[in-house]
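Written below as structure tokens is the structure these notes are about.
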Amino acid sequence: MSLFLRVFGRLKKPKSKVSNEAPITAVPSLVQAATSVASSIAMKRDPNFDGHRTDTMELPKMESATNEEIQQSSHQLTSGSKTDKWLARAALVLDLTKSAADAGGLAPLKGACEGMVTLLGSIQAVKDNQSSWSELLRTVQEHTTALQRQLDQLGIKDILEECGNSISDPVRDYTTTLKELIADICADSGLNESEFDTGLTLKILAQRIGVTKLEADTITTYQRRLTDAKSGLMHALMLYVTISVKATAERDILKDLWSKPRQRPQECQPGTRAEILAECEAWSKDSNAPNILWIKAAPGAGKSAIASTLVDTLGIKKRRLGSSFFFRRQETATVTTSAIWQGIAYDLARHPTIRRHLADKMSKEEIDLTTPNIEHVFHQLIGEPLSKIGNVSGEQSPIVIIDALDECGGLESVRSMEFHKLMRTLTAWSSLPSSCKLIVTSREEAEIARIFTGPISSHTIDLLVGEGTVSQSTKDIQAFLSEELGETARRYSYLPRGWPGAAVVETLAIKSNGLFLWASTVVEYVRRGNPKKLLEEIMRTESVMGMNALYTKVVDTALPNAGDETIQELRMILGAIIVAGETLDIRTIAELLEIDLSTVEYICSALRPVLEIKGGTRFRHQSFVDFLLDQKANDSALQIKPSDFHQVLAYHCLRVMGKELRFNICRISSSYLFNSDVLENLSSIEDYIPSCLQYASRYWVLHLQDVPSNEDTMGRIRYLLKRNFLFWLEVASLCDFVDDIPSLLIRLIDWLKKNNRDDLISFAIDMLRFTTHFNEAISSSAAHIYVSALPLSPLSSEVKKEYQSRFPNALVVCSGGYQNWSPLLLTFRGHDSGVTTVAFSPDGHRVVSGSEDGTMRFWDAETGEQIGEPLEGHTDPVWSVAFSPDGRRIASGSDDSTVRLWDVEAGKQLWESLGGHTDSVMSVAFSPDGRQIVSGSDDETIRLWDVETGEQVGQPFQGHTESVSSVAFSPDGRRVVSGSEDETVRLWEVGTGDQIGEPLEGHADLVSSVAFSPDGLCIVSGSEDETLLLWNAETGEQIGQPLEGHTGSITSVAFSPDSLYIASGSEDETVRFWDAKTGKQVGQGLIGHTHSVSSVAFSPDGHRVVSGSDDMTVRLWDVEAGRQIRKSPEGHTDSVCWVAFSPDGRRIVSGSIDKTIRLWNPETGEQIGEPLEGHTSDINSVIFSPDGRLIVSGSNDETVRLWDVKTGEQIGEPLEGHTDAVLSVAFSPDGLRIVSGSDDETIRLWDTETREQIGEALEGHTGPVHWVAFSPDGGHFVSGSKDKTIRLWDANTGKQMGEPLEGHTSPVLSVAFSPDGLQIVSGSEDNTVRIWDAKTRRQIGEPLEGHTSAVTSVAFSLGGSRILSTSEDQTVRLWDAETYEQVGQPLVGHTNFVLSANFSPDSRFIVSGSGDGTVRLWELAIENLDLLPNLHSVIRASPLFRSTPLSSELSQLSQSSSSSSSSRLSSSSSSRLSSSSSPVSNPSSTLSTTSVEEGWLLTPDGKPLFWVPPQFRTGLIRHGVRIIGQCQRLEVDLSRSVYGEEWTRVAEASNES
């Protein structure tokens, strides 16, 4: 049952049939309409919305007549007099109307209906005389008036205006009808309204009506009038409820904006602050006044109380649209500006227009709540919605109140990032209509005053204190004290009435010197003890008692006669609260400082006049902190010196960690659980990781910074590093601050260096590398600190050397893996979208990054910490950033078509955006002297800008015919180089804007990046053709051959400062180094990013490279370490498109996008001879001749080529004829002919001996021919095409045989004949494999389904009973050719599309080629594949491959993976399984991995076994699989490892805690 039917469930049709009764049908129609509207709204938000769900929203419960009552009323319609029938019908109608009105939120209409029902009941029950007719009439009149008020309310009025008079008129008409009907009934009964005031009772009235015989026509008139009015009303209510239901759905959409209500400060005492409140109210009504009111005051002047009072007096969220937010310094340290405006937007959404606008935007995902661009957030949530409601009257203008602005950002206050963000949004508010009001209260901080007296026009109220204004506030303070002290007096019977008296109150008000804080503190103070005695002490003080004196009195009185120990404990508590990194509760303070809990409670309770305890300890006012820190303001015994207490907390943090840290601290039951699963099952993490340990683990380094080194401190640090480091990481993992660990360790390393603790520096550096390299695994699962990170660390790791012996039962790296830490130094995280551009500052201390999230961020190049707040202003992705030569400015280019200039230190934009480009700005660069900026744009132009004036210099440089993607100045500043999507590089004269010489041409695809060498002699360009080219900067001639190695588009290039090396970033997710003189790649690519590398830059000293990526990270690399990485074995440098065995099975041939053909020894995996080179573009297809002496290849260079296998030489000239890429080639069974299929939609036959084309091109396909294959007898061949068809051809005549084979719903990518030639198998982009009868040309059976992406190749086994298929889903699958069932589990391991595969001649092996650049040899080791029923039982050790430990252990693991735990694995070296084994029991065939991005190797049933670093995912060695080609390999032994519920045995029993 739907939600709406449940809500309206009481309005069921009576069992007694009532024909043609509108009220009975109207309400179900109403429900149906409402349900339809709500469903449509829900579907816009969630396509999977279930209309029968009942948990999506709530509606008010309906109060209505019960079914029995309705049935009883209905029953009366069938009997009795005509009057009785009419009365019963009218009562039923009114009951239904009342119910609908109640559900629709029209309470006054419900009341009017109830009044009418009462009247009708009185007519039927004359004896009922509990009320008078006059009172009833007055009640109905009151309801009518109330209804009118409701119709005028904000919100309902908006709905009514939207619907014109379609709701308001019928509602008013119906209410009027009810009123008039009462009067008419009375009049027709001989009464008039004048008699109502003569004491007429209901009894007398009822008697009068009861004896009156009303005419039938009169009753009919009553009925008609009620029916007519009711009909219109029901339609109105239907519309109203429909809109109300829609509003409920919209509110549900907006729930993400909701924030927990915050308690407001205490309001002003009634009667106080009247003048100020009146001024505020007058401002709120003045449409000509500035739309921001700034109430500024010194600490304690009562501004927060005024703000809290204004919420009530202005009717915010009651009769007036608005919202409020009250800052509390320690509570709001982590509150973001975005969260503040989200909460305010939620409150403003009470207005239907705003609600509808926001709900529509959010349902369409047009509002990004995660963007750091605060201007976007403000515009979308506040500015734009408020503009939709237009100007409203002063009484109804929306008002937002923000109190204590100076406390935004917590203890950092005006220095915080969030404060500056909020100030920018306040500036934006000033541009809203004057009817949109904002009230801000704050101290008069210089930064705030500068804004409110400068860029922002505001109305200011100055709550000054002191001699000049005491009289202004004395009266208000007196009133406050009278009320509060009077309340105190009422609690004590011994205090005389009227205590403390007007004279005392007046004296206290004078002592306050105009400070409400002083007065409120006195009140709290006297309430903490004997009020009379304490107040007398205050009265005995000097005439004007300042806050410092009062605070001294409060503390002295709180702890009278306190001994030295108590004073010391008091100082420790106060000091800890002041310097703590976050708000501490009483228990945490007690445990952290080793002070008895009762003592802490006693001290904190005694300090309640100045300290709040609920929800964490917080000082009531910042002035008390100032008092404690002021050396001149208080007694030295109470003075707090922050450095002393940082030292105290550093000691206690180390003490707590030394005591509490332990292995498996949260008692994780299984290593298969991620942290999210663990935390979900814990009642409270504090039960396992106490709050004091959480605090200590997060902030110990913070407190250590100013602490001098001593042996005790060093001993504790050494114990943490050498004994508890991994346990500390557990806490960081489970408490979600792993990303903070690198910056903490860098600070620790600096501290160790400063204190000359060389013995621990190298270990701390290794801890840093350990955390950086395994961040993903550690963040996801605390158990995998031990299961994955520690055992996969390099043997040279000091962390591994220290801890490995304590956790011996883990996987062991047999070969490959990390020999040393990779060159990765740091990873910077913070952007919410892909990082598009990076640059080093000239001094090398900072990195700036730009992102698709529209922001730029600064990073400390040493610690990886973000510096300051993001630079926001661009309204679209930032594509390019550049530092000025002096490092003081940043230039940026964006998709918003602007160039912007920024002040680095201030973090602010210097000029208005530099407009001129008419499309996205893709690249910016400073001139060497810093006076000019050059920009390149999608508008095909290059422009120069004057840095000082912001003006464009000269005319645009024009010449490129497509987008300009990259620009750079020459070192002497006289020239600019540009790269473009028109595939050219061009040089320009800066002074004239003229192009220098001809375009530099050589790339085969768009040029994405260009750079001058620092010596000015060379230019490097990178392109989507996956190459880099070097050019002579003077002559424009290409230098040497293209620099090849990347397997994806080049996105960025950069020269080292000494011009000797080039760094490049690519879509292949790597950074590579090149020797600028030789053009050779230096070392291997830097692997770590998990998406495209978009930008690279050298540090000024050339020792580091920074890279930005679509994976939203910025990474810092060690250049020297990167250049020293050993290259992997020989192999293809790009995708392997085709693989095939030689007829004797002794060779494998592969063709690649890297334009080479390679031969491999399948027994050793080694390359045979040199690559076969000659093709000038991608090689799509290669195959051996039947005698194994020749290889034929087809390429994107439109040629077919023949090769001598023995010599590796090309035979003769290329076979030319195709006019587009050759996609597939095949030999005839006798080897005399070759068939080729092409992108030119033709098939061609070639004579192998003469290398001449045989006959004309074969035409018929209407799309590219993807695959061709000969029949086993050579009499015909088959082709598959993009046109979705398969065609058979006569090999002798070249004629098409019959009609095309049709069935695939997407392009056919591959075809093959069965060994007997009776069947054809095909693979398609529709993800299916299909089998066809070669004679009848009909499909056999149903499609073979299982692949989740395009099927790229297919092949039959030797005996024809098995079919293999490869797919873009990265798997190889085997199928039973008779049952059409998949055999076993998919073969996985490739980390990119599998493009081709073939059986070995004996069908014991499969060879596959992939987009990951590798060839894989899969061992089937099958005695007789054609007779084996299930592949999952056939994989075993073979002489061809040595059995790897990984395979045998996975075999054992998989057999137990279906149970809840995994036993410790045996070390069996063989994995031969019986044919009766369960398919899920054999991991060698069923082992699956998640995607490369996730990096987790999974058990057969999908549980995380261990995490694999990115660089080893392609090269992870599995049993029965040989990897051939360039990749970093990793072979592991699982014989000693434990997983699942046995994982805790990773540690020896004696070392488990």
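The values are calculated or read from the model by the stated rules, or taken from the named source; none is laboratory data. Everything quoted here is computed from the prediction, not taken from an experiment. With ideal geometry, Cβ positions are generated from the backbone for all residues, glycine too; neighbour counts draw on all protein chains shown. For accessibility, only protein heavy atoms count, side chains too; no ligands or nucleic acids. Shrake-Rupley method; radii C 1.70, N 1.55, O 1.52, S 1.80 Å.
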Set the Förster radius R0 to 35 Å, insert the Cβ-Cβ distance between Asp630 and Arg655 as r into 1/(1 + (r/R0)^6), and round the FRET efficiency to 0.05. 0.70
Diffing the stretch 1141-1151: the Karplus 3J(HN,Hα) column from phi (6.51, -1.76, 1.60, θ = phi - 60°), in whole Hz with x for Gly and Pro, holds 7, 6, x, 8, x, 8, 9, 10, 10, 9, x
What is the stretch 1119-1238 by shape, rounded, prolate or oblate, if you read a ≥ b ≥ c off the alpha carbon gyration tensor as root eigenvalues and call it rounded for a/c under 1.5, prolate for a/b larger than b/c, and oblate otherwise? oblate
Mean Cβ-within-10 Å packing, highest first, puts peptides 765-777, 1200-1212 in the order 765-777, 1200-1212
Decide, for the stretch 955-1078, between rounded, prolate and oblate: order the square roots of the alpha carbon gyration tensor eigenvalues as a ≥ b ≥ c, take rounded if a/c falls under 1.5, and otherwise choose prolate if a/b is larger than b/c, else oblate. oblate
Additional length obtainable on full extension of the chain from Glu1378 to Asp1247, 0.36 nm per residue less Cα span: 43.5 nm
Between Asp556 and Thr474, what is the FRET efficiency for a Förster distance of 35 Å, r being their Cβ-Cβ separation, to the nearest 0.05? 0.85
Classify the stretch 1249-1291 from the C-alpha gyration tensor, please: rounded if a/c falls under 1.5, else prolate or oblate depending on whether a/b exceeds b/c. oblate
Quick one: if you stick a label point 7 Å off each Cα along the C-beta vector at Arg1529 and Asp876, how many nm between them? 4.9
What trypsin sites (Lys or Arg not before Pro) in the stretch 1238-1324 are in a loop by DSSP, with at most 13 other Cβ atoms within 10 Å of the Cβ? Lys1295
Length gained when the stretch Glu487-Glu601 is fully extended (0.36 nm per residue, less Cα-Cα span): 38.4 nm
For an R0 of 22 angstrom, estimate the FRET efficiency from the Cβ-Cβ distance between Asp1316 and Ile1340 and round to the nearest 0.05. 0.95
Order the peptides 280-289, 308-317 from the highest to the lowest mean number of other Cβ atoms within 10 Å of their residues. 308-317, 280-289
In terms of modelled amide H atoms, which long-range or inter-chain residues lie less than 5 Å from the amide H of Phe1405? Ser1400, Leu1420
At a probe radius of 1.4 Å, what is the per-residue accessible area of Thr1262, in Å² to the nearest 10? 100
What number, in percent, do you get for the relative contact order of the stretch 1016-1125 if the mean sequence gap of Cα pairs under 8 Å and at least 6 apart is divided by its residue count? 18
Pairs of Cα atoms under 8 Å, at least six residues apart: use those to get the relative contact order of the stretch 828-889, whole percent. 34
Taking all protein chains together and a probe of 1.4 Å, list Lys1503, Lys421 from the most accessible to the least accessible. Lys1503, Lys421
Separation of the Glu275 and Leu1358 label points, Cα + 7 Å toward Cβ, nm: 10.7
Using amide H atoms built in the peptide plane, which far-off residues or other-chain residues are under 5 Å from Ser287 H to H? none
Which order, highest average first, do 815-821, 1225-1231 follow once you tally other Cβ atoms within 10 Å for each residue and take the mean per peptide? 1225-1231, 815-821
When all protein chains stay in place, what accessible area (Å², nearest 10, 1.4 Å probe) is found for Asp886? 90
With all protein chains present and a 1.4 Å probe, how do Asp462, Asp1369, Asp843 order by accessible area, largest first? Asp843, Asp462, Asp1369
For the stretch 354-410: accessible area per residue (Å², 1.4 Å): 34
Please give, to one decimal in nm, the separation of the simple spin-label points placed at Val953 and Ile1168, each 7 Å out from Cα toward the Cβ. 6.2
Check Leu1309: other-chain or 5+ apart residues with amide H under 5 Å from its amide H, H built from backbone geometry? Gly1323, Ser1324, Glu1325
Taking the Cβ of Val1351 as the centre, find all other residues whose Cβ is under 12 Å away and add up their charges (Lys, Arg: +1; Asp, Glu: -1). -3
Test of the criteria: in the stretch 972-1080, which trypsin sites (Lys or Arg not before Pro) are in a DSSP loop and have at most 12 other Cβ atoms within 10 angstrom of their Cβ? Lys1080
Going through the stretch 1227-1305, which GluC sites (Glu not before Pro) have at most 14 other Cβ atoms within 10 Å and a DSSP loop state? Glu1249, Glu1252
Contour minus Cα-Cα distance for Lys908 and Glu384 (0.36 nm per residue): 186.3 nm
